[in-house]
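Data block below; observations after.
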Amino acid sequence: MTNAVSRLANVRSAIAAAAAAAKRPEGSVTLVAVSKTFPIEAIEPVLAAGQRVFGENYVQDAKGKWPELRARYPDAEVHMIGPLQSNKAKEAVALFDVIETLDRPSLAKELAKEVARAKAAGVRVPRFLVQVNTGAEPQKGGVLPEAADAFIRACREEHGLTVEGVMCIPPADEPPAPHFALLTTIARRNGLKIVSMGMSADYPTAVAMGATHVRVGSAIFGARG
Ligand SMILES: *Cc1c(COP(=O)(O)O)cnc(C)c1O
């Protein structure tokens, strides 16, 4: 756990160095610490060290940890970064500050319904990122790059969702840079301010290519069991 805190400091320095090398302003990159599968006891020291933005992949896993952690750290921000089933839309809207994996019309419809309910009840609602399948991998979530503009527009105009950005997970066996470049282009073209890309193996490259959010798990928390 103390290890996680020192690794967190290393990741922060590497982000700052990559931003400086790319002549990007200090603080233009947000670190999303990916705490999926790690228990409260592993996450708490990282919160105590000042980290406030976290990523989770599974609704049930997040539900078991974040209500308690948020009670202690009310300004923590939790992002859903894993595939989201439509039947979990209600729980996800209640639990997360940002849902990064909006990737299909059926999910947009379910989320819109739950967002409308939450708004009517006066509770806060999440912001959204559209996941783009930049490598067109059949097993991976995300809209195809050529369908991204139309889907983003539909999410905003037809479903009334607050889309603030895009995210991608490049193919594991390809150099990530062209995928990062493509995602940044899609964000700019659609006037979106958030570009979520880069994981433990490639976040400095992502920062060089315009990431505003990097999602780093194992480089902070260690290998997942
Ligand atoms: C697990 C995961 C990460 C973090 O991966 P690491 O290699 O552990 O940094 C980032 N993004 C998504 C979508 C993930 O599922």
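Roughly how far apart, in whole Å, are the Cα centres of the stretch 1-69 and the stretch 90-130? Between the Cα centre of the stretch 1-69 and that of the stretch 90-130, the gap is 23 Å.
Which net charge results for the neighbourhood of Gly135, defined as the other residues with beta-carbon distances under 10 angstrom from its beta-carbon, given Lys and Arg at +1 and Asp and Glu at -1?
On the way: positive: Lys140; negative: Glu137, Asp173, Glu174.
Taking every Cβ under 10 Å from that of Gly135, the sum is -2.
From largest to smallest, the equivalent ellipsoid semi-axes obtained for the stretch 116-188 from the alpha-carbon gyration tensor read 27, 12, 11 Å.
Its Cα gyration tensor gives the stretch 78-118 an equivalent ellipsoid, and the semi-axes of that ellipsoid, as √(5λ) in whole Å with the largest first, are 14, 13, 8. Within the chain, the selection of entire DSSP H helices by a Cα span of 27 Å or greater along the long axis and an average Kyte-Doolittle value of at least 0.0 returns 2-21. Charge dipole (Cα centre; +1 on Lys/Arg Cβ, -1 on Asp/Glu Cβ; no other charges) of the stretch 76-197 amounts to roughly 480 debye.
Send over the Kirkwood Rh of the stretch 2-221, from the inverse of the averaged 1/r over different Cα pairs, rounded to one decimal Å. Show your work: numbers first, answer last.
Values: mean 1/r = 0.0570 Å⁻¹.
Across the stretch 2-221, the inverse of the average 1/r is 17.5 Å.
What you get for the chain, charging only the Cβ of Lys and Arg (+1) and of Asp and Glu (-1), is a dipole of about 440 debye around the Cα centre. For the stretch 1-105, a Kirkwood radius taken over Cα pairs fed into Stokes-Einstein (20 °C, viscosity 1.002 mPa s) yields D = 145 µm²/s.
What FRET efficiency comes out for Ala181 versus Asn10 if R0 is 30 angstrom and r is the Cβ-Cβ distance? Round to the nearest 0.05. Could you put the intermediate results ahead of the total?
Details: r = 26 Å, r/R0 = 0.87.
Step by step, r from the Cβ atoms, then E = 0.70.
Could you work out [θ]222 nm for the chain from helices alone, using -39500 (n - 2.57) per DSSP H run of at least four and dividing by all its residues? Round to the nearest 500 deg cm²/dmol. Numbers along the way, then the final one.
Working: 10 runs with 97 residues, N = 225.
Result for the chain: -12500 deg cm²/dmol, rounded to the nearest 500.
Using the Cα centre of the chain as origin and beta-carbon charges of +1 (Lys, Arg) and -1 (Asp, Glu), tell me which of Ala112, Asn190, Ala147 is placed farthest towards the positive end of the dipole. So the residue we want is Ala112.
I'd like to know how the stretch 141-225 sits against the 2.2 N^0.38 Å rule of thumb: what's its Cα Rg over that expected value? Don't skip to the answer; put the middle values down first.
Details: Rg = 13.8 Å, N = 85, 2.2 N^0.38 = 11.9 Å.
After normalising by residue count via 2.2 N^0.38 Å, the value is 1.16.
Looking at the P(r) of the stretch 94-138, how many percent of alpha-carbon pairs lie beyond 16 Å? I get 42 percent for the Cα pairs in the stretch 94-138 exceeding 16 Å. Using the Cβ-Cβ distance between Lys23 and Ser218 with R0 = 45 Å, the FRET efficiency computed as 1/(1 + (r/R0)^6) comes to roughly 0.95.
Summing +1 for each Lys or Arg and -1 for each Asp or Glu, what net charge is found among the other residues whose Cβ lies under 10 Å from the Cβ of Leu84? Write out the running numbers ahead of the final one.
Values: positive: Lys88, Arg104; negative: Glu91, Glu100, Asp103, Glu110.
In short, -2.
Taking amide H as placed 1.01 Å from N in the peptide plane, the amide H of Leu102 sits under 5 Å from that of Leu129, Gln131, each at least 5 places away or on another chain.
Since every read-out is calculated from the coordinates, none of them should be taken as a lab result. From a predicted model like this one, the values you see are computed outputs, not experimental measurements. Methodologically, a virtual Cβ is constructed for each residue, glycine included, from the backbone with ideal geometry; neighbour enumeration extends over all protein chains shown.
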